[in-house]
């Protein structure tokens, strides 16, 4: 009997590589999202540090007050920008997760089809071996019954 061959093997390999590419893209987007979150947390730390530093000072000069006010304006604008960036990143991650899920389903469908075809092929192989075994038994039995 012929060796097992799955006719859609190239398509299965293509879909596996597409799944790997989609997963790699998701990993990059998740890393970007984590970077945005780290930037947001760093900004919060800086704001706390400035607030703590202000409390420790006995007297504030007008230059220091102006610098603090400028920093707070910057921090507020940066917080808004980071929030918008985080929302956009979350949207991209959600869309990419759908792409990964879709690619994974496509691979799973082909893998199940391949398994079913392999199972059918193995069953046919077993049946062929049983037929050949039966023919051998009958041939030996017939050889043993022939008069010498």
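No lab work stands behind these numbers, since they all come straight from the coordinates. Everything numeric in this text was worked out from a predicted model, so none of it was measured. Cβ sites come from the backbone with ideal geometry, for glycine too, and all protein chains shown count toward neighbours.
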Work out the FRET efficiency for residue 115 and residue 24 from their Cβ-Cβ distance, taking R0 = 25 Å, and round it to the nearest 0.05.
0.40
Considering only C-alpha atoms, what is the centroid distance from region 10-71 to region 97-148, in Å?
57
Options (i) 2.36; (ii) 1.25; (iii) 1.00 for Cα Rg over 2.2 N^0.38 Å; the value derived from the coordinates is listed as (i)
For residue 132 and residue 4, extending 7 Å from Cα along the Cα-Cβ vector and measuring point to point gives, in nm, a value of 1.7
For the chain, calculated [θ]222 nm from helices alone, where every DSSP H run of n ≥ 4 adds -39500 (n - 2.57)
-34000 deg cm²/dmol
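Taking the Cβ-Cβ separation of residue 14 and residue 124 as r and a Förster radius of 30 Å, what is the calculated FRET efficiency to the nearest 0.05?
Approximately 0.65, to the nearest 0.05.
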